[in-house]
C-alpha cells in the first residue's frame, strides 16, 4: 500500500506542477492512470469499430497462423480448438531471483517474438494482455520493444511476470523501467512527454516461457496482444445518444463484504473492486472456482470466490489487485475463456457489447458530487456495466456497495460517461489529476454467438 500510494502522490504532484506551468501533456496525465485504479476504500473526499475510433489500435495474436508468424527460439505453435504456443525444446537456462521471496531458482526457457506491428494510430500508451495456461512448475514473462516516431528503438521492457498460481513465483510488475523517452507504470507503457510529438509507431511483443529444468512441463499461451492508444487530453467528452434498453443477468458481489479479510492482498476487501468485478463477469459466463480451488479460504467467509479472485490477481510489486492485465489473465484461466484489456470511445460502444450480451468492466475516478447516487468519491474504481435503462442511464454492478443486495445501481448517463472517458479531472484538493480514458476489461467465451463475435470484431478484437 505505502509504495503504490507514494508513487501516486509523486506523479500527482508532477501533474499539478505541469498544469501550473501550462505544459500539461497527455503523457503526464496518462502516467498516473495506472495508479488511479487501486480500488482503495472510496471516500467522500477523496467508436463504432476499431477503424472508426481514431485513437485506439487493438492487435491480438491467437490463431494457429498467428503463432506460426512469430520468431521462435525453442517454442512451437500448436493447433486445435484453442491454438497456442508452447515450449518445444528449451533455448537456454536462467537463474531467477524472486524479488518478493528472495529465492533463486534455475528455469529452462524458450521464446516467441511477434512480428513487428505498426499501430493504426501512433500511440502515447500501450497496455498488453495475455491468456495462458501455466501449470505448477511454469510461468511466463511478457516483454515489449517499441520503435519510436523519431526512428529510435526502445529496450525490451518487462510488461509482467505471471503465473496462474503463486507457488513457483510471485506474479509481479516491474518498477523503474525507462529509457528517457517512455516509462512503464505498473502495466502501462507511456510516452514521457507526449507534447513533444514523440509517439510509438511500431512494436513487438515477446514471450518468455519458463519451466523447471529436466521436466516436460510447458505453459501454453493462447492469446497475446496489446491495446495502443493516443487518447486526447480532455476534462469532458462528447455525449452519446441512447439507443438501447437492456439489462444482463450478472451476479452481484460486494467488495465490502470482505473488508478485513486476507489483508495481505491489498488490505482486504476494501480495495478489491477489480477482482470482485472480474468474478461477477466470470460467473455471468458460467465459470466458477471449484471447491478444491476454494479449500484455502476460511469457511466462515461469504462469497469465497471473491477472496480467490483477489489472491490470484494480486500484483506483488504494485501491492494491489488492480493490475489490469493480471485481471484479464485470471479470467482466462477458466475453461475456454478469453479476456483482453482495451479502450472504448463512448457509451454507444458499450451499448454495442451489451446488445450482444457482453458486459464490461470499466475503470473510472470521480468526486462524490460527480456521480449522483454513488455516495462516495474515489481516485480509482472498477465496476461492471450490465445494461441501460429506457432513458439510457447506466445500469452497473458497483462492488463499492454495503452488501450484495445493494450492488445493482443506476447512474446518470451523462455523468457516468464523462467520468469514465475523460483523461483529466480535478481531485478533492482542486488539483489536476488523471482519468483512465475509457479503459475496460472484456471477457467472453471461446465459442461466442455470431452476434457476440460481430460486436467484438467491431473493435478489432478477434
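For the reader, a short list of remarks on this structure follows.
- Packing rank of 83-92, 291-300, where each peptide gets the mean count of other beta carbons within 10 Å, highest leading: 83-92, 291-300
- Dividing the summed helix terms, -39500 (n - 2.57) for each DSSP H run of n ≥ 4, by the number of residues in the chain produces a 222 nm estimate of -5500 deg cm²/dmol to the nearest 500.
- The label point for residue 259 and the one for residue 453, both projected 7 Å from the Cα toward the Cβ, are 4.7 nm apart.
- Remark: the residue 116-residue 89 segment gains 7.3 nm on full extension, using 0.36 nm per residue and subtracting the alpha carbon distance.
- Percentage relative contact order, the stretch 56-229, counting C-alpha pairs under 8 Å, at least six apart: 32 percent
- Packing, as the average of other Cβ atoms within 10 Å across residues, places the peptides 368-379, 389-400 in the order 389-400, 368-379, highest first.
- Rounded if a/c under 1.5, otherwise prolate or oblate - the stretch 229-271, Cα gyration tensor axes: oblate
- Prolate/oblate/rounded call for the stretch 56-229, Cα gyration tensor, a/c under 1.5 rounded: oblate
- Three-way shape call for the chain based on the alpha-carbon gyration tensor, with the a/c threshold at 1.5: rounded
- Centroid-to-centroid, using Cα positions, the stretch 310-378 and the stretch 242-298 are 12 Å apart.
Every number in this text was worked out from the coordinates using simple rules, so none of it is lab data. This structure is a prediction, so every number in the text was calculated from the model and none was measured. Here Cβ is always computed from backbone atoms with ideal geometry, including for glycine, and neighbour counts include all displayed protein chains.
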